[in-house]
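Asks: Pasting in a structure now, in structure tokens, and then I'll have a few things to ask.
Read-outs: derived from the displayed coordinates by stated rules, not from any lab. Bear in mind the structure is a predicted one, so any value in this text is a computation, not a measurement. No Cβ is skipped: glycine too gets one built from the backbone with ideal geometry, and neighbour counts run over all protein chains shown.
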Amino acid sequence: MSNVNNSLGLYVHIPFCAKKCNYCNFYSFAPKNADVINNYVDDTVSEIYRWGERLSRPADSLYIGGGTPSLITTPNLNKIIDAAKKAFNLNEKNNEITVEINPKDDIDFKSLKANRISMGLQSANDTELSILGRRHNLNEAKETVNEFKKYFSNFSLDVIIGTPKQTKESLKNTLDFCINSNAVHISCYMLKIEKNTPFYNSNLLFLNDDEVSDLYLFTCDYLKEHGFIKYEISNFTKPGFYAKHNFKYWDNKDYLGIGPSAHSRIGNKRFYYSADLNDYLTNHKEIYEGTAGTKEEIIMLALRTNKGYNFKNEFKNNSNALLFLKKLKKAGYINLNGTLVTLTNKGCLTENTVIASILEYI
Ligand code: SF4
């Protein structure tokens, strides 16, 4: 259990939200009563122990996400954290323990046994928050940040780029809110209109692709000016505070996801659990998803990050591929240092196309 290199990331999905936001297609629902929550927490604790025994290896990160983890109350969150510490040899001194929170919920931050908070701010503009269908307003977000800052300096705020009615000015205000709060990490996701969400069938006037792209490029520049490093397409960090857990997803590392709809990658196997709580609780059936760690996958994920990918072996004798990379560089989509490729901000906007075009040469 002590081999640090063998450590995995542990994710626990809390499938509860007080109400669905207008853009969200994550698996979550409003629990009927506290029993639903307490039963799920008990099941999660026993699943953590079962997996701990089965894998018999340590974890060096725990991420409790959702859904809305802050909805299940502080004692329940601590039960899950305690189980993970015991079953996976985690400790809050050396390991990252993150809890996602919603500004609307009452959390006793003083007794919460995490060392990192991730808060869904989404916007510092009340009109945008209401369009997104969030439960909180700006004042509540401010109060919550002030409260958890008494105990946590390592915290991240989520921001949405491309909310209807968002302007460069309002986005700048939101980013200023994050910067002035001393957030050490900011995740900025471009709004996607997902099926089965209220946004999908709404008549709202959404920003077009060019407008969203402009806002993304503005965000990249603005956060850079304020000392943030963009280490993944949507993730910005002050030096040293990148999300160790999330980075495993892009860095070909193992992670175990517990809970309905949670995905795992253990060794070369990917699997997930049904996005249905009753189904999940009945048999905890692992659904095979495919092989992990293929060359294509490693390249695709690495190119999302600022580490990039070095094609020195793949393209050693491939002059066509090298010529193509030079073209992509000239067009402003990639940075090229010898055979080391990273995406530019412009490249991040069309990452799937850029990466697929490079993969054609593999
Ligand atoms: S709180 Fe988060 S998980 Fe819940 S509906 Fe809103 S965006 Fe989705």
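Asks: Name the shape class, rounded, prolate or oblate, that the alpha-carbon gyration tensor gives for the range 37-94, where a ≥ b ≥ c are the square roots of its eigenvalues, rounded holds for a/c under 1.5, and otherwise prolate holds if a/b is larger than b/c and oblate otherwise.
Replies: Details: a/c = 2.13, a/b = 1.41, b/c = 1.51.
In terms of gyration-tensor shape, oblate.
Asks: Still on this structure, please answer the following. Suppose each label sits 7 Å from its Cα in the direction of the beta carbon; what would the residue 327-residue 50 distance come out to in nanometres?
Replies: 5.2 nm
Asks: Suppose we keep just the DSSP beta bridges with both residues in the chain; what percent of those would be antiparallel, to 5?
Replies: On the way: 22 of 53 bridges.
About 40 percent, rounded to the nearest 5.
Asks: Rounding to the nearest 20 debye, state how big the charge dipole of the chain is about its Cα centre with +1 on each Lys and Arg Cβ and -1 on each Asp and Glu Cβ.
Replies: Details: 44 positive and 40 negative charges, 196 e Å.
Dipole size: approximately 940 debye.
Asks: Roughly how far apart, in whole Å, are the Cα centres of the range 88-119 and the range 266-293?
Replies: 26 Å
Asks: In whole Å, what is the distance between the alpha-carbon centres of the range 216-254 and the range 15-48?
Replies: That distance is 28 Å.
Asks: Considering the options 138, 111, 87, tell which one lies farthest towards the positive end of the dipole of the chain, charges being +1 on Lys and Arg and -1 on Asp and Glu at the Cβ, about the Cα centre.
Replies: Positive-most Cα among the choices belongs to 87.
Asks: Further, regarding this structure: Just want the ordering: 35, 126, from fewest to most Cβ atoms lying within 10 Å of their own Cβ.
Replies: Details: 35 9, 126 14.
So the ranking, lowest neighbour count to highest, is 35, 126.
Asks: When the Debye formula is applied to the Cα atoms of the range 295-362, each taken as the same point scatterer, what base-10 log of I(q)/I(0) results at q = 0.12, 0.14, 0.18 Å⁻¹?
Replies: Treating every Cα as an identical point scatterer, log10 I(q)/I(0) equals -0.24, -0.33, -0.56.
Asks: In addition: Measure off 7 Å from each Cα along the Cα-to-Cβ vector at residue 152 and residue 307, then give the distance between these two points in nanometres to one decimal.
Replies: Each label point is offset 7 Å from its Cα along the Cβ direction, giving 2.5 nm.
Asks: Given labels modelled 7 Å from the Cα in the Cβ direction, how far is it in nm from residue 135 to residue 356?
Replies: Taking the simple label geometry, residue 135 and residue 356 are separated by 3.9 nm.
Asks: Below 8 Å between Cα atoms, with a sequence gap of 6+, how large is the relative contact order for the chain in percent? Let's see the in-between values first.
Replies: Values: 644 pairs, mean separation 52.3, N = 362.
Value for the chain: 14 percent.
Asks: What's the local net charge at residue 103, with K and R +1, D and E -1, over the other residues with C-beta under 9 Å away? Intermediate results must be reported in sequence, preceding the final value.
Replies: Details: positive: 104, 134, 135, 142; negative: 105, 140, 143.
With Lys, Arg at +1 and Asp, Glu at -1, the neighbours total +1.
Asks: Still on this structure, I have one more. Could you tell me the relative contact order of the range 295-362? Use alpha-carbon pairs under 8 Å, at least six residues apart, and round to a whole percent.
Replies: Relative contact order comes out at 34 percent.
Asks: Rounded to the nearest 500, what is the 222 nm mean residue ellipticity of the chain from helices alone, with -39500 (n - 2.57) per DSSP H run of 4+ residues and division by all residues?
Replies: On the way: 12 runs with 134 residues, N = 362.
Helix-only estimate at 222 nm: -11500 deg cm²/dmol.
Asks: Can you bin the chain into rounded, prolate or oblate? Criterion: square roots of the alpha carbon gyration tensor eigenvalues sorted a ≥ b ≥ c, rounded for a/c under 1.5, prolate for a/b above b/c, oblate for the rest. Don't jump to the answer; show the numbers that get you there.
Replies: Numbers: a/c = 1.64, a/b = 1.18, b/c = 1.39.
Cα axes put the chain in the oblate bin.
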